[in-house]
Amino acid sequence: MAQPSHARGESRPTQGVLIELPPIIRGRVLVTRGTFEVVVTCPKCGRLHRHRQPGIRRAPCNTTYLVRLGRKRVSA
């Protein structure tokens, strides 16, 4: 089986189509009734939106973004 000409993880042209990735925003974990949700500040409307898990999400204001969990800070 022949190996592809591009390495895994590299981007390659898709027949002249440019793919735009959504912005990455950091979320904070909110624990509610034994489950957790991710709370983010929307880059478009500035309001708080809640999502059930990280990943590519669409907000009620029709904005698409990639939600990642923020890092925990250790107090000194």
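The values are calculated or read from the model by the stated rules, or taken from the named source; none is laboratory data. Just so we're clear, the structure is a prediction, and the values are computed from it rather than from any experiment. Glycine gets a Cβ as well: all are built from the backbone with ideal geometry, and neighbour counts include every protein chain shown.
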Q: Take the range 25-59 and flag every residue that is at pLDDT 90 or above and surrounded by fewer than 10 Cβ atoms within 10 Å (Cβ to Cβ).
A: 46
(Q) Pull out all pairs, ordered by first then second residue, where Cβ-Cβ is under 9 Å, the residues are six or more apart or on different chains, the first lies in the range 15-34 and is at positive phi and without any contact (Cβ under 8 Å) to a residue 12 or more places away in the chain, and the second is of a type in the set (Phe, Trp, Tyr) and surrounded by fewer than 10 Cβ atoms within 10 Å (Cβ to Cβ). (A) none
